[in-house]
Amino acid sequence: MKVYYKLQGKKKSIEMPANKTVEDLLLKIKQNPEAVLVAVDNTVIPENEKLKNGKTYLIMPVASGG
Amino acid sequence: MKCTICKKPAIINLRYSKDAYCQQHFISTFDKKVIDTINKNKMLQYNDKVGVGVSGGKDSMITLFILNRLHKKGKLKHKPIGIAIDEGIKGYRDKSLVDLRKFCKEYDIELHEFSIKDEFGKTLDDFVKISDKKKMALKPCSICGVFRRYMLNKYSRELKLDKLATGHNLDDEIQSFMINLFRGDAARSARLGPITGVIRPKDFVLRIKPLYFTPEKESFLYSMIRKFPTHNYVCPYAHTAFRNEVRESMDQLEYKYPGTKFSTVKSSLRFIEIAKDAYSGLKEINNCKLCGEPTSKKTCKTCELIEKLIN
Ligand code: SF4
Ligand SMILES: [Zn+2]
Ligand SMILES: [Zn+2]
């Protein structure tokens with residue numbers, strides 16, 4: 001299936017096997033699940049949620065410097 | 001995934017405690033943890049006049065918000081105030097101060113701003129350029145940290161504060177501890193801990209860190225849910241810091257072994273206590289012969305730094 005993700009203002013699409021989780025997506029795009037929050041449809045979701053075809057996942061790094 | 005408390009859909013899964021929370025219960029457990037941290041560490045007394053060192057970032061806004069609520073609930077006599085240091089970092093602090101002013105206006109909180117330029121004649125950006133030109137091998141954060149600590153202490157005293165709260169979270173503290181360890185400067189960790197600065201009470205305003213046990217990921221979510229007007233801008237100098245690498249390593253360990261951060265902070269607390277005992281009383285505190293601020297030497301670190309940068 002195809003999902004979209006938005007990271008640092010850039011939107012990209014990625015092909016993922018069925019039954020994968022948000023965590024799998026993060027690992028695939030080399031983001032540590034510990035260091036980000038993920039939202040879909042304006043709601044934050046836990047990393048172990050299943051991915052849904054066609055959805056856009058917003059990935060937010062939580063660290064701010066300074 | 002369901003909320004541990006009410007079984008509604010969870011928004012966050014805390015692997016270190018095996019709890020998941022919906023929005024409502026995330027907020028209530030977060031608040032409770034911060035209040036517990038304040039109470040267990042005896043950070044505040046009813047009559048204390050409290051200031052919060054604020055930057056326009058999420059963590060200091062949360063700290064100010066929670067302390068302000070304690071005041072509203074009658075648990076703190078005085079309304080807390082905000083103290084901000086404008087370092088003079090173009091494209092960063094100017095923007096984050098806009099967020100901060102908006103926040104303080106929204107919650108009707110008194111805000112005091114002081115700038116490095118007014119205090120020392122030049123902005124941090126200027127000082128960084130000077131130090132580069134002179135090949136001084138000084139990291140921007142080292143200059144920034146010395147000046148900011150100096151000004152916060154000086155103005156907290158002038159504003160007659162009993163306590164100065166800062167927004168340091170669990171991740172910040174672990175990073176500082178590990179950095180000191182890696183650099184062979186473990187004794188420096190005597191300065192860490194949930195409460196610091198008791199050597200000569202009339203000179204040093206006691207520092208408290210209500211978010212000491214709050215991971216940054218959770219403070220990010222809290223500030224997002226509460227819709228605090230922060231953009232969480234990133235300082236352009238932050239990437240030069242060793243700190244970022246330590247942060248990444250800690251995040252990796254936490255991911256592989258959930259709970260690592262909490263056990264690290266637990267060991268660090270034991271260590272900090274021992275270090276405090278071992279190093280307190282060793283130092284005599286004088287007044288800096290140039291500026292009069294408290295120091296363990298003849299001239300304070302800030303005046304030394306200014307001397308090196310300007311002359
Ligand atoms: S990242 Fe460094 S230079 Fe930037 S505000 Fe923080 S301490 Fe100062
Ligand atoms: Zn719930
Ligand atoms: Zn001095």
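The values are calculated or read from the model by the stated rules, or taken from the named source; none is laboratory data. As the structure is a prediction and not an experimental result, all values here were calculated from the model. A quick note on method: Cβ atoms are made from the backbone with ideal geometry, for glycine too, and the neighbour counts reach across all protein chains shown. Side chains are part of the model used for accessible areas, which takes the heavy atoms of the whole protein and leaves out ligands, DNA and RNA. Shrake-Rupley method; radii C 1.70, N 1.55, O 1.52, S 1.80 Å.
Couple of notes before you dig in:
- The mean count of C-beta atoms from other chains within 10 Å of the C-beta of residues in B:251-258, rounded to a whole number, is 3.
- Its Cα gyration tensor gives the stretch A:2-61 an equivalent ellipsoid. The semi-axes, each the square root of 5 times an eigenvalue, are 14, 13, 12 Å from largest down.
- Partner shielding of B:51-60 amounts to 1, given as the average count of beta-carbon atoms from other chains within 10 Å of each residue beta-carbon.
- Loss of accessible area when A meets B, both sides summed, Å² nearest 100, probe 1.4 Å: 1900 Å²
- Reported value for the protein assembly as shown: 148 Å³ per residue, from the convex hull of its C-alpha atoms.
- Chain B, accessible surface, carbon-and-sulfur percent (1.4 angstrom probe): 54 percent
- When the helices of chain B are scored as -39500 (n - 2.57) per DSSP H run of n ≥ 4 and the total is divided over every residue, the value at 222 nm lands at -15500 deg cm²/dmol.
- On the beta carbon distance between B:L269 and B:M1, with R0 = 35 Å, the FRET formula returns roughly 0.65.
- Average partner coverage of B:230-237, which counts Cβ from other chains inside 10 Å: 3
- Per residue, the convex hull spanned by the Cα atoms of the stretch B:1-90 amounts to 141 cubic angstrom.
- Temperature 37 °C, viscosity 0.692 mPa s: under these conditions the Stokes-Einstein estimate for chain B, based on its Kirkwood radius over C-alpha pairs, is 159 µm² per second.
- 222 nm mean residue ellipticity, helices alone, for chain A (DSSP H n ≥ 4; -39,500 (n - 2.57); rounded to 500): -2500 deg cm²/dmol
- Among the listed pairs A:K52/B:K227; B:K72/B:K117; B:K102/B:K163; A:K11/B:K122; B:K163/B:K217; B:K58/B:K261, those beyond 29 Å (Cα-Cα): B:K72/B:K117; A:K11/B:K122
- Distance between the modelled labels on B:E113 and B:N244, one decimal in nanometres: 2.7 nm (7 Å Cα→Cβ projection).
- Using a probe radius of 1.4 angstrom, the carbon and sulfur fraction of the accessible surface of the stretch A:2-61 is 46%.
- Efficiency of FRET from Cβ geometry, A:T43 and B:Q24, R₀ 22 Å, rounded to 0.05: 0.95
- What the protein assembly as shown shows is 51 Å² of accessible area per residue, with the surface traced by a 1.4 Å probe over protein heavy atoms.
- Inter-label distance, nm, simple model (7 Å from Cα along the C-beta direction), B:K308/B:Y16: 3.4 nm
- In the stretch B:134-186 the Cα-Cα distances spread across 5 Å bins starting at 0 as 4, 14, 15, 24, 20, 13, 8, 2, 0 percent of all pairs.
- Sparse-neighbourhood loop sites, GluC sites (Glu not before Pro) in the stretch B:109-188 - DSSP loop, at most 13 other Cβ within 10 angstrom: B:E110
- Put simply, when B:84-93, B:185-194, A:41-50 are sorted by average Cβ atoms within 10 angstrom per residue, most first, you get B:84-93, B:185-194, A:41-50.
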